[in-house]
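The values are calculated or read from the model by the stated rules, or taken from the named source; none is laboratory data. Note that this is a predicted model, so its numbers are computed, not measured. Cβ atoms come from the backbone with ideal geometry, glycine included; neighbour counts cover every protein chain shown. The accessibility values were calculated without ligands, DNA or RNA, using every heavy atom of the protein model including side chains. Shrake-Rupley method; radii C 1.70, N 1.55, O 1.52, S 1.80 Å.
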Amino acid sequence: MNMLISNPIRPNVNYNRLNDNMRCFRQVIRAITICLLFSGCASFSDRPIRRHKVKLDKDEVSKLSGTYQLFPDLTYKKNGVAETLRYQPITEHFHQYISKRGIYFKPSENVVVDLKVMDNNQIRFHFKKDSIIVDSVTLSAKLQSRGLLLLGNKYVEFQGVPYILGGSKSEKTRIGLASDGGLILNHAYDNSGALLLFIGAGLSYDSAFHFKRIK
């Protein structure tokens with residue numbers, strides 16, 4: 001006599017499996033977020049400035065102290081060539097890169113920046129117009145192995161779930177000494193996003209400029 005044997009339904013098994021999957025998913029997202037938070041998406045390239053910078057050590061950082069023109073005279077191209085720079089809107093951004101504030105200066109104005117390297121791993125920027133201090137910014141700084149100073153105003157912002165249903169925006173700035181005694185400013189920016197699997201939507205750039213030393 002044939003008998004039908006039925007297996008009892010075990011809803012808890014499927015429920016527990018779903019919980020495990022969700023837990024793993026959350027852990028992956030948390031790990032991605034932590035990695036992005038500490039690394040930032042914006043990245044520098046040494047190629048444009050490699051032939052033009054002085055590799056500073058910890059005893060030479062004070063050489064950066066001085067007075068510089070606020071507007072750059074050269075831009076460093078990706079192929080490592082220093083090209084004379086005609087006025088472009090992006091050249092107004094030195095102050096914004098440092099201060100994150102919206103004070104704009106015109107190239108026709110008599111504006112300079114006094115840079116002072118201090119003993120406590122900090123750098124002070126005095127922005128002057130007609131010898132009057134318009135703004136003052138003090139930032140922490142870290143000497144990189146490549147001989148440049150990474151400023152402590154790195155910015156990272158996340159929207160939604162990074163690279164899945166959202167994106168991230170990051171920027172950072174470093175400065176260095178040019179071989180002619182001028183100032184090199186290197187600014188990296190990245191605004192990345194995604195919609196499900198469409199990864200990589202966004203904008204990023206890495207720009208480097210030379211500022212002439214006045215004294």
query = Just checking, how many residues over the range 132-156 are over 12 Å from the mean Cα position of the chain (by Cα) and within 13 Å of residue 56 (Cα to Cα)?
reply = 8
Enumeration of residues in the range 122-134 that are touching a strand residue (DSSP E or B) at 6+ places or on another chain (Cβ under 6 Å) and open to solvent by 30 Å² or more (accessible area, probe 1.4 Å) = 122, 124, 126, 128, 129, 133, 134
request  = Identify all residues within the range 141-154 that are without any contact (Cβ under 8 Å) to a residue 40 or more places away in the chain, open to solvent by less than 60 Å² (accessible area, probe 1.4 Å) and not aliphatic (A, V, I, L, M); write none if there are none.
outcome  = 144, 152
note = When every residue in the range 94-121 that is touching a residue at least 24 places away in the same chain (Cβ under 8 Å) and open to solvent by 60 Å² or more (accessible area, probe 1.4 Å) is compared, the one farthest from residue 175 (Cα to Cα) is 107
task = For the range 45-81, enumerate the residues that are polar (S, T, N, Q) and either farther than 27 Å from residue 129 by Cβ or out of contact with any strand residue (DSSP E or B) (no Cβ under 8 Å at 6 or more places or on another chain) (or both).
result = 45, 79
ask   = How many residues, within the range 49-85, are open to solvent by less than 40 Å² (accessible area, probe 1.4 Å), farther than 21 Å from residue 140 by Cα and in a loop (DSSP other than H, G, I, E, B)?
value = 6
note = Residues in the range 157-177 that are at pLDDT 75 or above and either within 17 Å of residue 189 (Cβ to Cβ) or not in a strand (DSSP E or B) (or both) total 7
